Amino acid sequence: MIINGGISYLEKGIKTSIRAMQVQSELLAMSNENVNGFDKVGYQRKESVVSSFTEFLGVNGLSQTTDDKIGRISMSDNPLDLAIATKGYFQTRSDEGVKLTRDGRFKIDKNGNLLTLEDHQVLSNAGVPIQLHIIPDDLKKIKIDDSGFISVYNEKTRKMEGVATIGVVDANGLLVMEPKVKQGYNEYSNVSLQNEFIGMMPIIRNFEANRQVFMIQNQNLQKVINQLGSAS
């Protein structure tokens, strides 16, 4: 017994052109998102993943992943601005649950809770919200070492007192043993504008090529319709 198998795929060119333009529009949207995120603190570049069947699946064959390379680290005047000089994420908690972020712009509320700019609680390496037992009049009296350990100066005892260690985890939620936390710094995106614009050029050219093919096919279809109409 012989079993023959195979895949036969035939489709009109006008549909193929439309689907290709949709894919290229989606790729351009991903690149534009990276360009817009260039100056955002903690933003990580999004990379497109193109399936080998995208030609047939269209936008359903596209996905994206995150580039976890370290971004540009710049000095800040705020002692509660933190940057991670290695791969990893701060853990925060909101009403929607625990989230990971590389945006280390933090603040302290009137109760001593360490919060993000969106008022999400910052978690320690034990997974609990961080709360300072002393709220100093000067934020420079708060010290954070490269392991993420927080200490605050006590005016009464004239000593630095430990608070907690900021939890830095990897993408799987496992603690990073040497997070290399830098106090008084911000990490900007890892996006290279030059590379993004260079990467856009072939996508734009492919879009224009498919657009021209679509227009030619559409014009030919209109001619056929007009000829059929005149013949009747």
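The values are calculated or read from the model by the stated rules, or taken from the named source; none is laboratory data. All values derive from a computational prediction rather than experimental measurement. As a convention, Cβ positions derive from the backbone with ideal geometry for all residues, glycine included, and neighbour counts pool all protein chains shown. Surface areas here come from the heavy atoms of the whole protein model, side chains and all, with no ligands, DNA or RNA. Shrake-Rupley method; radii C 1.70, N 1.55, O 1.52, S 1.80 Å.
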For a quick check of your reading: which strands (runs of 3 or more DSSP E) sit entirely within region 53-103 and have at least 2 residues that are over 23 Å from I142 (Cβ atoms)? 62-66, 97-101
Selection within region 163-194 - open to solvent by 50 Å² or more (accessible area, probe 1.4 Å) and of a type in the set (A, V, I, L, M): A171, L174, L175, M177, L193
Regarding R158, is this residue more than 30 Å from T16 (Cα to Cα), at pLDDT below 95 and loosely packed, with under 14 Cβ neighbours inside 10 Å? yes
For the subset of region 69-80 comprising residues that are under 16 Å from R102 (Cα atoms) and in contact with a strand residue (DSSP E or B) (Cβ under 9 Å, 6 or more places away or on another chain), which member is surrounded by the most Cβ atoms within 10 Å (Cβ to Cβ)? G71
If you scan region 81-90, which residues turn out to be within 19 Å of the chain's Cα centre (by Cα) and open to solvent by less than 30 Å² (accessible area, probe 1.4 Å)? L82, A83, I84, G88, F90
Selection status of G58, surrounded by fewer than 17 Cβ atoms within 10 Å (Cβ to Cβ), among the small types (G, A, S) and at pLDDT below 95: no
With respect to V168, is the statement that it is out of contact with any Lys or Arg (no Cβ under 6 Å at 6 or more places or on another chain) and at pLDDT 95 or above true? yes
Determine whether T16 is open to solvent by 30 Å² or more (accessible area, probe 1.4 Å) and either in contact (Cβ under 8 Å) with a residue 60 or more places away in the chain or not in a loop (DSSP other than H, G, I, E, B) (or both). yes
Region 100-122, subset closer than 22 Å to I70 by Cα and in contact with a Leu (Cβ under 9 Å, 6 or more places away or on another chain), residue most open to solvent (accessible area, probe 1.4 Å): R105
